[in-house]
Amino acid sequence: MTIEPIMQEKTINITQLVQDSNDGLSAEERTELKQQLADKLQALDAAQKAEPLARARLQLDASELLNALGRRKEAWDIAREAFFICMQQESWTDAVEACDVLFQAQQPDSLAALGMGIWLSVTFPVDPELTVAMLIHIVDETPNDSDGAAVAAITARYVVDLRADDEKHESQSFLVNNLIAMVAQRHSNVQDQEGLDRWLNHLQLRDPQIFLPRLAQVVDAIVGDKWWFERDVLRARLPD
């Protein structure tokens with residue numbers, strides 16, 4: 001399988017869209033979030049005997065609200081517990097969502113959580129929209145001239161082509177094509193389709209057998225020695 005991104009006429013700044021989604025809260029919005037948090041915590045308290053995964057999802061909802069309110073250490077602690085429950089239940093999508101919450105908690109190990117979430121989202125058949133969101137974080141976290149951002153962007157396109165259903169493939173392809181074009185512009189000042197083709201060839205970004213191992217190296221660099229699970233054990237659980 002080869003990757004053939006198309007340069008759009010107008011490139012959207014994907015990472016800026018993501019960053020702008022967390023603007024400052026008004027007093028009214030903060031009050032509403034606090035009420036939502038109180039409701040979630042009450043539901044959690046009432047769910048002591050609930051199924052583990054149902055409880056973990058409530059924890060993730062509460063953690064997202066805590067992050068939004070700036071209570072990031074509390075969000076981290078609750079989301080980390082939820083992560084291990086999701087892993088035990090082999091609910092990979094929920095585990096990735098937990099990693100996303102942990103990354104946004106901005107704690108010392110948040111980057112490691114991001115790396116683990118990316119590994120899970122690429123390795124297992126997780127919703128491509130969530131996988132793309134995780135890969136966009138790598139683009140945000142790397143310098144303009146980083147090949148790692150290019151590898152993350154092209155992997156996003158690969159995942160969309162592999163997993164997106166017919167209904168969503170066009171819109172998700174548009175998003176990731178813009179992501180690739182944006183990364184190419186900031187990496188090598190690519191301005192047109194011809195330049196994009198040269199850039200893809202130069203960085204060897206057309207063949208997943210080449211760029212996926214490079215993504216693994218990026219993830220290894222992000223996580224370091226802080227893995228919370230044994231990857232070889234999880235690979236053995238992959239469907240045939």
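Remarks
- Taking 187, 202 and counting other C-beta atoms within 10 Å, the order from fewest to most: 202, 187
- For the chain, dividing the convex hull volume of the Cα atoms by the residue count gives 143 Å³ per residue.
- Between the helical axis of 166-188 and the longest alpha-carbon principal axis of the chain there is an angle of about 70 degrees.
- Taking 24 Å as the straight-line reach from the Cα of residue 226, the lysines in range (excluding those fewer than 8 positions away in the same chain) are 73.
- Environment charge of residue 164, counting only residues whose C-beta is closer than 15 Å and scoring Lys/Arg +1, Asp/Glu -1: -4
- Nearest 10 degrees, 0 to 90: helix 208-223 Cα axis against the chain principal axis: 40
- Qualifying aspartates and glutamates (Cα of each under 20 Å from Cα of residue 40; at least 8 residues distant if same chain): 28, 29, 32, 51, 61, 64, 74, 77, 81, 94, 97, 100
- A simple count of charges around residue 33, restricted to other residues whose Cβ falls under 13 Å of its Cβ and scoring Lys, Arg +1 and Asp, Glu -1, yields -2.
- Whether segment 109-227 is rounded, prolate or oblate, judged on the alpha carbon gyration tensor where a/c under 1.5 counts as rounded: oblate
- Axis angle, to the nearest 10 degrees, between helix 193-202 and the longest C-alpha principal axis of the chain: 80 degrees.
- With loop membership from DSSP and a limit of 11 other Cβ atoms within 10 Å, the longest segment of the chain without trypsin sites (Lys or Arg not before Pro) is 50-236.
- Summed over qualifying helices (DSSP H, 4 residues or more, each -39500 (n - 2.57)) and divided by its residue number, the chain shows a 222 nm mean residue ellipticity of -23500 deg cm²/dmol.
- Ordered by the count of other Cβ atoms within 10 Å of each Cβ, fewest first, 92, 228 give 228, 92.
- Per-peptide average of other Cβ atoms within 10 Å, ordering 124-130, 64-70 highest first: 64-70, 124-130
- 27 Å Cα-Cα reach of residue 168 towards lysines, excluding residues that sit fewer than 8 places from it in its own chain: 10
- Cβ-Cβ FRET estimate between residue 191 and residue 220, R0 fixed at 25 Å, reported to 0.05: 0.15
Every read-out reported here was derived from the displayed coordinates using simple, explicitly stated rules and does not represent laboratory data. Values in this document were obtained by computation on a predicted structure and should not be read as measured data. Positions of Cβ are generated from backbone atoms using ideal geometry, with glycine treated the same way; all protein chains shown enter the neighbour counts.
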